[in-house]
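**Student:** This structure is in structure tokens; I'll ask about it shortly.
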Ligand SMILES: [Zn+2]
């Protein structure tokens, strides 16, 4: 099976390399802003934007003649091209969203990017991209040390089961990462190693993940010491930051520490989820999860932080592709399936169950059980009842128990124009948002 997969490694650049990484990120930002300004100008005059290709050609002409752009050659030419491609995609997605053709959260018009207020990121779409041992090699930047071993990808590159398509370099807090997008030839077994095995998985706020299998074994993820410690530190730093004077050096330092801690929490969580989902997909043929209306849940402000932190959608995506790689499948329960409100013992249903009730107590049969475990059992049993509505391998679609049409919403994956309001280029005073409001009403 051919799959497109990402391999992400933390980098350990030398000070000189770090300056080059910053320079490339700046170049990508400049190209984006330059392209966006050009698109807005053309839209004012002709009512349409430049495509990514056109921008690239325009840039190649201008960069040689304009002495103010003489610095462009300090960075890989790829970076500019990829920034134009990103902008092109952002504009297309914006139009699709306007026409209602796009799922997920509302998408605004691309914005100008501002240093320090947007993510440092750039991409190489061609050139020499390699990895071996504790190094990666990128166009222009050369060989950079990695913080972790690259052997998993290096081995695949060696034996020819993987091909690198592109490399994206990003910075999170103090650390730089490279993420290779890779075409991988995976050996997928025709059948799962343990046919007939099933596990129900409840994704929760208190516990990241609760699974119950056919034998009643409970798997819980989310209580690790590392995560608890990081969260405690996050709380301390979160209080320390606003106590510093705005604009002071200490505030900048506090912000840096806070960002670093956030990154650590995210990394610990992602690591725990990766390990747990890999284990589940390897051990169970069928993994049953709940269909969560993540966008809807995010609209509920009290839930929002907890939910987005836990990364429900991420966990589910992991389970889906990992189940596929192991010859298993993921089954998604209908969104209206009352996994939490149903008693896993007698099947009785509670009319309501508030989120604060962490223990499920059945009024009919007296069953007392952890809320998450009860939900996981109900999900597990759903696979046997055959009432599922969708599986990862494109199986039968069946109507849900409540007979509602299976609608599904997932948060948008493309994030466009994170921050920045002021137009940085071409002396434009207007913001892109104001511009587009005038165009589209
Ligand atoms: Zn009961």
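**Student:** Would you mention how many residues in the range 47-91 are surrounded by fewer than 18 Cβ atoms within 10 Å (Cβ to Cβ), under 30 Å from the mean Cα position of the chain (by Cα) and outside any helix (DSSP H, G or I)?
**Tutor:** So the count comes out to 1.
**Student:** Something else now. Answer with yes or no whether residue 193 is touching a strand residue (DSSP E or B) at 6+ places or on another chain (Cβ under 7 Å) and touching a residue at least 60 places away in the same chain (Cβ under 8 Å). Even if it seems obvious, please write down each step before you answer.
**Tutor:** Working: touching a strand residue (DSSP E or B) at 6+ places or on another chain (Cβ under 7 Å): no; touching a residue at least 60 places away in the same chain (Cβ under 8 Å): yes.
No.
**Student:** Answer yes or no as to whether residue 354 is surrounded by fewer than 17 Cβ atoms within 10 Å (Cβ to Cβ), closer than 28 Å to residue 191 by Cα, under 33 Å from the mean Cα position of the chain (by Cα) and modelled with pLDDT under 90.
**Tutor:** So residue 354 fails the test.
Residues are listed down the side, and each one gets a yes or a no for (1) outside any strand (DSSP E or B); (2) surrounded by 14 or more Cβ atoms within 10 Å (Cβ to Cβ); (3) in contact (Cβ under 8 Å) with a residue 60 or more places away in the chain; (4) assigned by TED's automatic domain parsing to the domain that holds residue 11:
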{"site": "182", "(1), (2), (3), (4)": "no, yes, yes, yes"}
{"site": "229", "(1), (2), (3), (4)": "yes, no, no, no"}
{"site": "234", "(1), (2), (3), (4)": "yes, yes, no, no"}
{"site": "245", "(1), (2), (3), (4)": "yes, no, no, no"}
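**Student:** When you go through 356, 339 one by one, which is the residue that is without any contact (Cβ under 8 Å) to a residue 12 or more places away in the chain and either more than 14 Å from the ligand (Cβ to nearest atom) or part of a strand (DSSP E or B) (or both)?
**Tutor:** 356
**Student:** Separate question: Output the residues belonging to the range 149-180 that are under 22 Å from the mean Cα position of the chain (by Cα), at pLDDT 95 or above and not in a strand (DSSP E or B).
**Tutor:** Scanning the range 149-180 gives 150, 153.
To keep it simple, each residue is scored yes or no on (1) touching a helix residue (DSSP H, G or I) at 6+ places or on another chain (Cβ under 8 Å); (2) within 16 Å of the ligand (Cβ to nearest atom); (3) touching a residue at least 60 places away in the same chain (Cβ under 8 Å).
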site	(1), (2), (3)
318	yes, no, no
334	no, no, yes
352	no, yes, no
363	no, yes, no
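**Student:** Hey, can you tell me all the residues within the range 368-392 that are at pLDDT below 90 and out of contact with any strand residue (DSSP E or B) (no Cβ under 6 Å at 6 or more places or on another chain)?
**Tutor:** Hits for the range 368-392 are 384, 385, 386, 387, 389.
**Student:** If you don't mind, another one. Exactly one condition in (1) at positive phi; (2) surrounded by 11 or more Cβ atoms within 10 Å (Cβ to Cβ) is not met by residue 196; state its number.
**Tutor:** (2)
**Student:** Something else about it: Quick one: which residue in 94, 109 is assigned to a loop (DSSP other than H, G, I, E, B), modelled with pLDDT under 95 and more than 26 Å from residue 183 (Cα to Cα)?
**Tutor:** Only one candidate qualifies: 109.
The values are calculated or read from the model by the stated rules, or taken from the named source; none is laboratory data. Fair warning: this is a prediction, and the values are worked out from it, not measured in the lab. Note that each Cβ is placed from the backbone with ideal geometry, even for glycine, and that neighbours are counted across all protein chains shown.
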